[in-house]
Amino acid sequence: MKRSLGVCYYPEHWPEEQWREDAARMVATGLNWVRIGEFAWSRLEPAPGRLEFDWLDRAIDVLGDAGLKVVLGTPTATPPRWMLDRHPDMMALDAQGCKRGFGSRRHYCFSHRGYLEECRRITALLAERYGKNPHVAAWQTDNEYGCHDTILSYSDAARAAFRDWLAQKYQSAQALNRAWGNVFWSMEYASFDQIDLPNLTVTEPNPAHVMDFRRFSSNQVMAFNRAQVEILRRHSTAPIAHNYMGRTLEFDHFAVGADLDIASWDSYPLGFLSDRLEASAEHKTRFLRQGDPDFQAFHHDLYRAVGRGRWWVMEQQPGPVNWAPYNPAPLPGMVRLWTWEAFAHGAEAVCYFRWRQAPFAQEQMHAGLLRPDSTPAPGLAEAEAVAGELAEAPEAGCASGDAALVFDYASAWAWETQPQGADFDYFRLCFAWYRALRRLGLNIDIVSPDTTDLSRWKLVLAPGLWNLPESLRAALATCPGNVILGPRANAKTADFAIPVPLPPGLPGLDTRVARVESLPPGTAVPLKGGGVFRHWAEEVEGTAPVLRARADGLPALVGADGVQYLAGWPAPDTLRDILRDTCAALGIETLDLPEGLRLRDAGPWRFWFNHDAQALDWGGMHLPPAGVMRVARQSP
């Protein structure tokens, strides 16, 4: 698959006489794709049933005639104002029961049947009109599911749908009571109609109740997306994508992605560093204009897995954004680096957001490739540079990883529901393991918990996996490599209870978690020979061989026959030491990379990326600030 560049464009924002010039400049920049339409419902249907598609016809023709391929979005993320008059109860309610109102975007509840039918209708109209259009080469469903905390809705529509979902799952209230343990605190129900949503309770709701609500809410997103996909497929053979986001875990992206052809995500490294990452003030200052060295890469690898190998960046930050607490400008060269990093991780396309900075409304402070006056912004030259360089390395793809990391959205819901420690966060835990592997110079493949074959990897990691599905348990049992699980692995049943026998319950590994403790900031459990556990520690018992011990003599890491259990959350240096020793025993070569230097193998090439603001000399290489170097790999 050939690598290519694109841009997000809003023809409805600009005078029609400007479209042709914009299209020509896009092509001259070296762009191939242009995404349009995802917010245009009020211009497509300004009043109920009054369709005005002529302007979109002309826009697609102008862009296509210039040589651009169009990604056409369904406009369901921004229903027009008249929709609320037709369906006044269609909006989501937050956990406090407050309505999420009109005046911005994503103002709908996934469970509202009337709005779902409206979405089917507008999707069908678009598919029928443009499904065979030669310029429409891909589709995007909706826009950024989950943005602005819009997955969990506590509306009447959600309550009714949740009750129906529970009735189908459990068949009887008595079965539900047993599964949830509702004998506790006299929470038993006589019928499904008595069950409410798990909000506005006096203290925390039953975690099994919450977990089922999280499953239900994720399923509603999958069903909403599937409704559009089924319509698009009836009228078009073009691939279908959705643009996911960074560190958005409220729904299962693997489940949604199973219906799509391409996974894409919206990459905003500077905004994410500011508001979506636990890091020291020193770290955030050091990478203020570059973004975290591992955050984008983690999502590249995650969405490559969600897309089963096919993935894009649908929105790439080209300058300062408008939505973070602070919005610095990228270091010169970083737009180019971010683009090449995505390609090194296998992206087929990278599309910049947006073509021209809007001079009005909520995103007017969000930079584009052009300023509002159409003068080039700094990101344009870097996009042009990448376009020129693509001729030397046009093919997308990346090498198989040295290690696999199992990532599970349900585990994020579980530990958010019952964290047991204020800073125990599933994403944070998995990201710490991912960062440790990257610092060791390894390529990582992220895999779904539904995977059935782990034979490709010498090292498989599954930290914090709340419950082991049977398919994964079987895959782990037959994995020829080394498996490390924990902490909190298999700590709950599917009904959110502590299993007996006690966890982790791994075949062939006689170890049981007897007690857990969460550790506040500034405290630690020291290990023999150096290193510490932070955040979380477990006391384990059993006859499994002890590979590392705590200073108090209790096991810290146990293992036998290629299966290991880690009974705590290691500090970063400690985790790297553990993984380095494991890799050495497995014959996996590791490096000790500086904090700002990273690599990724892609086909016959190895890409090096300097995320630092200073030049870096390492291993005979010299990389300038924001430098990218491509060298031939010694072996494929």
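Below, the figures for the structure above:
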{"read-out": "Failed condition for Arg247, given (1) among the charged types (D, E, K, R); (2) outside any helix (DSSP H, G or I); (3) surrounded by fewer than 16 Cβ atoms within 10 Å (Cβ to Cβ)", "value": "(3)"}
{"read-out": "Ala255, sole failed condition from (1) crowded, with 22+ Cβ neighbours inside 10 Å; (2) among the hydrophobic types (A, V, I, L, M, F, W, C); (3) part of a helix (DSSP H, G or I)", "value": "(1)"}
{"read-out": "Residues of region 156-199 classified as touching a Phe, Trp or Tyr at 6+ places or on another chain (Cβ under 8 Å) and either part of a loop (DSSP other than H, G, I, E, B) or at positive phi (or both), total", "value": "6"}
{"read-out": "Options Ala124, Ala137: the member that is in contact with a strand residue (DSSP E or B) (Cβ under 6 Å, 6 or more places away or on another chain), in the same structural domain as Leu63 (by TED's automatic domain parsing), surrounded by fewer than 23 Cβ atoms within 10 Å (Cβ to Cβ) and under 29 Å from Leu68 (Cβ atoms)", "value": "Ala137"}
{"read-out": "Criterion (more than 30 Å from the chain's Cα centre (by Cα), in contact (Cβ under 8 Å) with a residue 40 or more places away in the chain and buried (at least 17 other Cβ atoms within 10 Å of the Cβ)) met by exactly one of Leu44, Leu31, Leu5, Leu51", "value": "Leu44"}
{"read-out": "Single condition Glu118 does not satisfy, out of (1) in the same structural domain as Gln362 (by TED's automatic domain parsing); (2) in a loop (DSSP other than H, G, I, E, B); (3) surrounded by 16 or more Cβ atoms within 10 Å (Cβ to Cβ)", "value": "(2)"}
{"read-out": "Residue count, region 422-456 (criterion: part of a strand (DSSP E or B) and among the charged types (D, E, K, R))", "value": "1"}
{"read-out": "Test: residue in region 1-18 that is under 18 Å from Thr339 (Cα atoms), part of a helix (DSSP H, G or I) and modelled with pLDDT of 95 or more", "value": "no"}
{"read-out": "Matching residues in region 300-319 - criterion: being surrounded by 19 or more Cβ atoms within 10 Å (Cβ to Cβ) and outside any helix (DSSP H, G or I)", "value": "Gly307, Arg310, Trp311, Trp312, Val313, Met314, Glu315, Gln316, Gln317, Pro318, Gly319"}
{"read-out": "Residue, farthest from Arg106 (Cα to Cα), within region 152-172, restricted to residues that are surrounded by 19 or more Cβ atoms within 10 Å (Cβ to Cβ) and in contact with a helix residue (DSSP H, G or I) (Cβ under 6 Å, 6 or more places away or on another chain)", "value": "Leu166"}
{"read-out": "Number of positions in region 487-511 that are farther than 14 Å from Gln418 by Cβ, small (Gly, Ala, Ser) and surrounded by fewer than 20 Cβ atoms within 10 Å (Cβ to Cβ)", "value": "3"}
{"read-out": "Matching entry among Ala626, Ala613, Ala551, Ala632 (being crowded, with 19+ Cβ neighbours inside 10 Å, small (Gly, Ala, Ser) and in contact (Cβ under 8 Å) with a residue 24 or more places away in the chain)", "value": "Ala626"}
{"read-out": "Some residue of region 368-381 being touching a Ser or Thr at 6+ places or on another chain (Cβ under 9 Å), under 22 Å from Glu21 (Cα atoms) and assigned to a helix (DSSP H, G or I)", "value": "yes"}
{"read-out": "Condition broken by Ala626, with the remaining ones in (1) within 21 Å of Tyr434 (Cβ to Cβ); (2) in contact with a helix residue (DSSP H, G or I) (Cβ under 6 Å, 6 or more places away or on another chain) satisfied", "value": "(1)"}
{"read-out": "Any hit, region 407-414, residues being in contact with a strand residue (DSSP E or B) (Cβ under 6 Å, 6 or more places away or on another chain), surrounded by 21 or more Cβ atoms within 10 Å (Cβ to Cβ) and not polar (S, T, N, Q)", "value": "yes"}
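The values are calculated or read from the model by the stated rules, or taken from the named source; none is laboratory data. Source: prediction; values computed, not measured. Please note: Cβ atoms are built from the backbone with ideal geometry, for glycine as well, and neighbour counts cover all protein chains shown.
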